[in-house]
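The values are calculated or read from the model by the stated rules, or taken from the named source; none is laboratory data. Being a predicted model, the structure only gives us computed values, none of them experimental. FYI the Cβ positions are ideal-geometry reconstructions off the backbone, even for glycines, and counts take in every protein chain you see.
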Amino acid sequence: MGNSNQFIKLSNNDNVLVLTVDLDVDDVFTFAGTDYKVEGAIALGHKIAAKDINEGEKIIKFNMSIGSATQDIKMGEHVHLHNMKSDFIDTHTRES
């Protein structure tokens, strides 16, 4: 079980948490009484969804919109260029 030192919630209004450590597949931690299970490795500094985020919903970090979800994002899922886009600049992605 992880602890709160593994992430930062920059504002009470944020719908993402910022990781302060690397997390591995199947790592589990608790925030505000909710357990989060990591389904894929996520690197330090990246974001995970603090709650379910619907396609088209704004991604809120530090109490500001940083973009929009391009698909539904489940609570605990990695939030990055594969499932969000910037509302301010073109987002360039790399096909796998």
For Ile53, state whether it is without any contact (Cβ under 8 Å) to a residue 40 or more places away in the chain and crowded, with 18+ Cβ neighbours inside 10 Å. yes
Please work out if Leu44 is at pLDDT 90 or above and under 10 Å from the mean Cα position of the chain (by Cα). no
For Asp52, state whether it is modelled with pLDDT of 90 or more, acidic (Asp, Glu) and under 11 Å from the mean Cα position of the chain (by Cα). yes
Any residue at all in the stretch 11-33 that's of a type in the set (Gly, Ala, Ser), in contact with a strand residue (DSSP E or B) (Cβ under 6 Å, 6 or more places away or on another chain) and either farther than 20 Å from Asp87 by Cα or part of a loop (DSSP other than H, G, I, E, B) (or both)? no
State which residue is nearest to Ile89 (Cα to Cα) when the search covers only the stretch 56-79 and only residues that are among the β-branched types (Val, Ile, Thr) and without any contact (Cβ under 8 Å) to a residue 40 or more places away in the chain. Ile66
Inside the stretch 10-42, can you point out the residues that are under 11 Å from Gly76 (Cβ atoms) and charged (D, E, K, R)? Asp27, Asp35, Lys37, Glu39
Output the number of the condition that Asn63 fails; it satisfies all remaining conditions of (1) at pLDDT 90 or above; (2) over 11 Å from the mean Cα position of the chain (by Cα); (3) under 13 Å from Phe7 (Cα atoms). (3)
